[in-house]
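The values are calculated or read from the model by the stated rules, or taken from the named source; none is laboratory data. Source: prediction; values computed, not measured. As a convention, Cβ positions derive from the backbone with ideal geometry for all residues, glycine included, and neighbour counts pool all protein chains shown. The area values use the complete protein model at the heavy-atom level, side chains included, leaving out ligands, DNA and RNA. Shrake-Rupley method; radii C 1.70, N 1.55, O 1.52, S 1.80 Å.
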Amino acid sequence: MPAAELVLVGFTAVFGAMLGSFLNVCVWRLPRGESVILPGSHCPGCGRPIAWYDNVPVASYLVLRGRCRHCGVRISAQYPLVELAAGVIWAGSLLWFGLTFEALRAALLATLALGIALTDAQHFIIPDEFSLGGLGAGLALALAPGGLSLLDAAIGAASGFSLLWVVKAAGDWALKRGLIGGEELAQVLEEGETPTTLGMGDLKMMAMVGSFLGWRGVLLTAFLGSVTGVAVFVPLLLLKRRSPVPFGVFLAVGAVVTAVAGDWLLGWYGSWIAVGGR
Ligand SMILES: [Zn+2]
(Lines give C-alpha, C1' and ligand atoms only; values in the text may rest on other atoms or scores of the structure.)
Protein backbone atom coordinates (compact mmCIF):
# COMPACT_ATOMS: atom_id res chain seq x y z
CA MET A 1 0.00 0.00 0.00
CA PRO A 2 1.42 3.43 -0.94
CA ALA A 3 2.48 5.67 1.95
CA ALA A 4 -0.21 8.28 1.25
CA GLU A 5 -2.97 5.66 1.48
CA LEU A 6 -1.46 4.26 4.66
CA VAL A 7 -1.51 7.73 6.24
CA LEU A 8 -5.15 8.19 5.19
CA VAL A 9 -6.16 4.84 6.70
CA GLY A 10 -4.25 5.74 9.88
CA PHE A 11 -5.97 9.11 10.18
CA THR A 12 -9.34 7.47 9.56
CA ALA A 13 -8.66 4.92 12.29
CA VAL A 14 -7.77 7.71 14.74
CA PHE A 15 -10.88 9.66 13.73
CA GLY A 16 -12.98 6.52 14.25
CA ALA A 17 -11.44 5.93 17.68
CA MET A 18 -12.22 9.53 18.69
CA LEU A 19 -15.77 9.02 17.50
CA GLY A 20 -15.80 5.81 19.57
CA SER A 21 -14.75 7.87 22.58
CA PHE A 22 -17.79 10.11 22.01
CA LEU A 23 -19.93 7.01 21.47
CA ASN A 24 -18.88 5.83 24.95
CA VAL A 25 -20.19 9.08 26.38
CA CYS A 26 -23.48 8.65 24.45
CA VAL A 27 -23.88 5.01 25.51
CA TRP A 28 -23.39 5.95 29.15
CA ARG A 29 -25.44 9.14 29.23
CA LEU A 30 -28.32 8.81 26.73
CA PRO A 31 -30.10 5.95 28.56
CA ARG A 32 -29.78 8.01 31.74
CA GLY A 33 -31.26 11.09 30.11
CA GLU A 34 -28.08 13.14 30.55
CA SER A 35 -26.58 15.66 28.14
CA VAL A 36 -23.78 14.28 25.96
CA ILE A 37 -22.11 17.71 25.69
CA LEU A 38 -21.96 19.05 29.24
CA PRO A 39 -20.40 18.48 31.66
CA GLY A 40 -17.14 17.17 30.20
CA SER A 41 -15.91 13.66 30.97
CA HIS A 42 -15.38 13.01 34.65
CA CYS A 43 -14.30 10.03 36.70
CA PRO A 44 -17.26 7.93 37.91
CA GLY A 45 -15.31 7.30 41.13
CA CYS A 46 -14.03 10.66 42.35
CA GLY A 47 -15.93 12.94 39.97
CA ARG A 48 -12.80 14.83 38.92
CA PRO A 49 -12.72 16.01 35.32
CA ILE A 50 -10.64 13.86 32.98
CA ALA A 51 -7.84 15.85 31.33
CA TRP A 52 -7.48 15.59 27.55
CA TYR A 53 -4.20 13.67 27.89
CA ASP A 54 -5.99 11.07 30.02
CA ASN A 55 -8.78 10.85 27.46
CA VAL A 56 -6.79 9.79 24.39
CA PRO A 57 -8.64 6.83 22.84
CA VAL A 58 -7.23 3.40 23.79
CA ALA A 59 -3.75 4.82 24.63
CA SER A 60 -4.74 6.52 27.90
CA TYR A 61 -6.44 3.38 29.12
CA LEU A 62 -3.26 1.40 28.50
CA VAL A 63 -0.98 4.03 30.05
CA LEU A 64 -3.16 4.34 33.17
CA ARG A 65 -3.67 0.55 33.24
CA GLY A 66 -7.43 0.97 33.32
CA ARG A 67 -7.54 3.14 36.45
CA CYS A 68 -8.36 6.75 37.28
CA ARG A 69 -5.18 8.83 37.68
CA HIS A 70 -6.49 10.44 40.87
CA CYS A 71 -8.51 7.90 42.84
CA GLY A 72 -7.42 4.66 41.17
CA VAL A 73 -10.97 3.42 40.56
CA ARG A 74 -11.19 0.78 37.82
CA ILE A 75 -12.37 2.04 34.42
CA SER A 76 -14.44 -0.45 32.42
CA ALA A 77 -12.61 -2.18 29.56
CA GLN A 78 -15.69 -1.33 27.48
CA TYR A 79 -14.23 2.16 26.92
CA PRO A 80 -11.03 1.20 25.07
CA LEU A 81 -12.80 -1.71 23.33
CA VAL A 82 -15.48 0.56 21.87
CA GLU A 83 -12.82 3.06 20.80
CA LEU A 84 -10.84 0.27 19.18
CA ALA A 85 -13.95 -1.14 17.48
CA ALA A 86 -14.91 2.28 16.10
CA GLY A 87 -11.35 2.78 14.80
CA VAL A 88 -11.54 -0.59 13.05
CA ILE A 89 -15.02 0.22 11.67
CA TRP A 90 -13.90 3.50 10.08
CA ALA A 91 -10.55 2.27 8.77
CA GLY A 92 -12.17 -0.98 7.64
CA SER A 93 -14.95 0.84 5.75
CA LEU A 94 -12.34 2.92 3.95
CA LEU A 95 -10.38 -0.18 2.98
CA TRP A 96 -13.51 -2.11 1.97
CA PHE A 97 -15.34 0.59 0.00
CA GLY A 98 -12.50 2.95 -0.91
CA LEU A 99 -12.70 6.72 -0.53
CA THR A 100 -16.44 6.89 -1.34
CA PHE A 101 -19.71 7.99 0.20
CA GLU A 102 -20.49 4.28 0.44
CA ALA A 103 -17.66 3.98 2.98
CA LEU A 104 -19.02 6.94 4.97
CA ARG A 105 -22.51 5.41 4.96
CA ALA A 106 -21.26 1.99 6.08
CA ALA A 107 -19.02 3.42 8.81
CA LEU A 108 -21.77 5.66 10.18
CA LEU A 109 -24.33 2.84 10.14
CA ALA A 110 -21.94 0.44 11.88
CA THR A 111 -21.10 3.08 14.51
CA LEU A 112 -24.80 3.68 15.20
CA ALA A 113 -25.38 -0.09 15.28
CA LEU A 114 -22.59 -0.45 17.86
CA GLY A 115 -24.14 2.25 20.05
CA ILE A 116 -27.60 0.68 19.76
CA ALA A 117 -26.28 -2.81 20.53
CA LEU A 118 -24.60 -1.52 23.71
CA THR A 119 -27.53 0.51 25.07
CA ASP A 120 -30.05 -2.20 24.20
CA ALA A 121 -27.93 -4.97 25.76
CA GLN A 122 -27.28 -3.00 28.95
CA HIS A 123 -30.47 -0.98 29.42
CA PHE A 124 -33.02 -2.40 26.96
CA ILE A 125 -33.16 1.08 25.48
CA ILE A 126 -32.55 2.27 21.93
CA PRO A 127 -32.09 6.05 22.26
CA ASP A 128 -33.92 8.23 19.73
CA GLU A 129 -30.63 10.05 19.19
CA PHE A 130 -29.28 6.88 17.55
CA SER A 131 -32.45 5.73 15.76
CA LEU A 132 -34.12 8.98 14.69
CA GLY A 133 -30.83 10.89 14.54
CA GLY A 134 -29.45 8.11 12.38
CA LEU A 135 -32.58 8.19 10.21
CA GLY A 136 -31.93 11.88 9.54
CA ALA A 137 -28.30 11.13 8.68
CA GLY A 138 -29.32 8.26 6.40
CA LEU A 139 -31.78 10.43 4.47
CA ALA A 140 -29.23 13.26 4.22
CA LEU A 141 -26.54 10.88 2.93
CA ALA A 142 -28.95 9.64 0.26
CA LEU A 143 -28.49 13.07 -1.34
CA ALA A 144 -24.80 12.24 -1.90
CA PRO A 145 -23.81 10.67 -5.22
CA GLY A 146 -23.85 6.88 -5.50
CA GLY A 147 -25.87 4.44 -3.46
CA LEU A 148 -29.55 4.89 -2.64
CA SER A 149 -31.65 7.76 -4.01
CA LEU A 150 -33.58 9.86 -1.51
CA LEU A 151 -36.77 8.07 -2.60
CA ASP A 152 -35.17 4.64 -2.07
CA ALA A 153 -33.98 5.74 1.37
CA ALA A 154 -37.46 6.99 2.30
CA ILE A 155 -39.07 3.78 1.04
CA GLY A 156 -36.45 1.81 2.99
CA ALA A 157 -37.22 3.75 6.17
CA ALA A 158 -40.98 3.29 5.75
CA SER A 159 -40.61 -0.43 5.04
CA GLY A 160 -38.30 -0.95 8.02
CA PHE A 161 -40.76 0.73 10.36
CA SER A 162 -43.85 -0.98 8.96
CA LEU A 163 -42.30 -4.46 8.76
CA LEU A 164 -41.49 -4.39 12.46
CA TRP A 165 -44.81 -2.74 13.24
CA VAL A 166 -46.59 -5.74 11.71
CA VAL A 167 -44.35 -8.16 13.61
CA LYS A 168 -44.98 -6.25 16.84
CA ALA A 169 -48.74 -6.09 16.30
CA ALA A 170 -48.92 -9.82 15.58
CA GLY A 171 -46.62 -10.66 18.50
CA ASP A 172 -48.50 -8.45 20.97
CA TRP A 173 -51.79 -9.97 19.80
CA ALA A 174 -50.46 -13.47 20.46
CA LEU A 175 -49.06 -12.32 23.79
CA LYS A 176 -52.39 -10.89 24.93
CA ARG A 177 -54.12 -14.16 24.16
CA GLY A 178 -51.48 -16.16 26.00
CA LEU A 179 -50.35 -17.95 22.85
CA ILE A 180 -46.75 -17.02 23.62
CA GLY A 181 -44.93 -15.78 26.70
CA GLY A 182 -47.27 -16.96 29.42
CA GLU A 183 -46.02 -17.28 33.01
CA GLU A 184 -42.38 -17.14 32.06
CA LEU A 185 -42.79 -13.67 30.65
CA ALA A 186 -44.79 -12.55 33.68
CA GLN A 187 -41.83 -13.50 35.86
CA VAL A 188 -39.50 -11.36 33.81
CA LEU A 189 -41.67 -8.27 33.66
CA GLU A 190 -41.74 -5.76 36.47
CA GLU A 191 -45.05 -5.06 38.13
CA GLY A 192 -47.37 -2.87 36.07
CA GLU A 193 -45.29 -3.29 32.91
CA THR A 194 -47.30 -3.98 29.77
CA PRO A 195 -46.14 -7.15 28.06
CA THR A 196 -44.87 -6.40 24.59
CA THR A 197 -42.80 -8.25 22.02
CA LEU A 198 -40.91 -5.43 20.34
CA GLY A 199 -40.29 -1.96 21.70
CA MET A 200 -40.92 1.21 19.70
CA GLY A 201 -37.13 1.61 19.73
CA ASP A 202 -36.81 -1.45 17.49
CA LEU A 203 -39.28 0.06 15.00
CA LYS A 204 -37.48 3.41 14.88
CA MET A 205 -34.15 1.63 14.61
CA MET A 206 -35.33 -0.31 11.54
CA ALA A 207 -36.53 2.93 9.97
CA MET A 208 -32.96 4.17 10.39
CA VAL A 209 -31.54 0.94 8.94
CA GLY A 210 -33.91 1.25 5.97
CA SER A 211 -32.75 4.79 5.24
CA PHE A 212 -29.20 3.44 4.90
CA LEU A 213 -29.84 0.07 3.23
CA GLY A 214 -33.18 0.35 1.36
CA TRP A 215 -36.07 -2.11 1.57
CA ARG A 216 -34.04 -5.11 0.42
CA GLY A 217 -31.53 -4.33 3.16
CA VAL A 218 -34.41 -4.14 5.65
CA LEU A 219 -35.58 -7.64 4.74
CA LEU A 220 -32.07 -9.07 4.93
CA THR A 221 -31.36 -7.29 8.23
CA ALA A 222 -34.59 -8.56 9.80
CA PHE A 223 -33.87 -12.06 8.53
CA LEU A 224 -30.28 -12.10 9.80
CA GLY A 225 -31.33 -10.47 13.08
CA SER A 226 -34.00 -13.10 13.69
CA VAL A 227 -31.67 -15.99 12.85
CA THR A 228 -28.88 -14.77 15.13
CA GLY A 229 -31.40 -13.84 17.83
CA VAL A 230 -32.90 -17.32 17.82
CA ALA A 231 -29.45 -18.94 17.64
CA VAL A 232 -28.32 -17.07 20.75
CA PHE A 233 -31.51 -17.01 22.81
CA VAL A 234 -32.90 -20.49 22.38
CA PRO A 235 -29.84 -22.04 24.12
CA LEU A 236 -30.10 -19.37 26.85
CA LEU A 237 -33.78 -20.20 27.39
CA LEU A 238 -32.93 -23.89 27.52
CA LEU A 239 -30.42 -23.04 30.25
CA LYS A 240 -33.35 -21.36 32.05
CA ARG A 241 -31.69 -17.98 32.01
CA ARG A 242 -34.75 -15.80 31.57
CA SER A 243 -34.43 -12.23 30.53
CA PRO A 244 -36.07 -9.88 28.08
CA VAL A 245 -34.54 -10.16 24.62
CA PRO A 246 -32.63 -7.06 23.47
CA PHE A 247 -33.63 -7.64 19.84
CA GLY A 248 -31.85 -4.43 18.80
CA VAL A 249 -28.52 -6.18 19.41
CA PHE A 250 -29.32 -8.78 16.76
CA LEU A 251 -30.81 -6.27 14.35
CA ALA A 252 -27.56 -4.30 14.74
CA VAL A 253 -25.54 -7.37 13.81
CA GLY A 254 -27.85 -8.02 10.85
CA ALA A 255 -27.55 -4.42 9.65
CA VAL A 256 -23.74 -4.47 9.74
CA VAL A 257 -23.54 -7.78 7.89
CA THR A 258 -26.02 -6.43 5.32
CA ALA A 259 -24.02 -3.21 4.88
CA VAL A 260 -20.81 -5.14 4.25
CA ALA A 261 -22.02 -8.21 2.36
CA GLY A 262 -25.68 -7.49 1.54
CA ASP A 263 -25.24 -7.17 -2.22
CA TRP A 264 -23.26 -10.38 -2.31
CA LEU A 265 -25.78 -12.27 -0.13
CA LEU A 266 -28.79 -11.00 -2.10
CA GLY A 267 -27.04 -11.81 -5.39
CA TRP A 268 -26.25 -15.31 -4.19
CA TYR A 269 -29.84 -15.79 -2.97
CA GLY A 270 -31.21 -14.42 -6.24
CA SER A 271 -29.15 -16.82 -8.35
CA TRP A 272 -30.10 -19.69 -6.05
CA ILE A 273 -33.80 -18.93 -6.59
CA ALA A 274 -33.24 -18.63 -10.34
CA VAL A 275 -31.58 -22.04 -10.44
CA GLY A 276 -34.14 -23.60 -8.10
CA GLY A 277 -37.05 -22.30 -10.14
CA ARG A 278 -35.94 -23.93 -13.33
ZN1 LIG B 1 -11.26 9.06 40.00
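Among the residues of the stretch 128-157, what is the count of those that are open to solvent by 70 Å² or more (accessible area, probe 1.4 Å) and under 21 Å from L23 (Cβ atoms)?
The qualifying residues number 2.
Of all residues in the stretch 83-104, which are of a type in the set (A, V, I, L, M) and without any contact (Cβ under 8 Å) to a residue 12 or more places away in the chain?
Listed by number, the list holds a single entry, A103.
Among the residues of the stretch 33-70, which ones are free of Cβ contacts under 8 Å to residues at least 12 places away in the same chain, open to solvent by 60 Å² or more (accessible area, probe 1.4 Å), over 27 Å from F130 (Cβ atoms) and part of a loop (DSSP other than H, G, I, E, B)?
Scanning the stretch 33-70 gives a single hit, R65.
For the stretch 102-207, list the helices (runs of 4 or more DSSP H) that sit wholly inside it and hold at least 1 residues that are modelled with pLDDT under 85; which are they?
Result: 150-176, 182-188.
Which members of the stretch 71-101 meet the condition of being outside any helix (DSSP H, G or I) and away from the ligand (no atom under 16 Å from the Cβ)?
Scanning the stretch 71-101 gives A77, G98, L99, T100.
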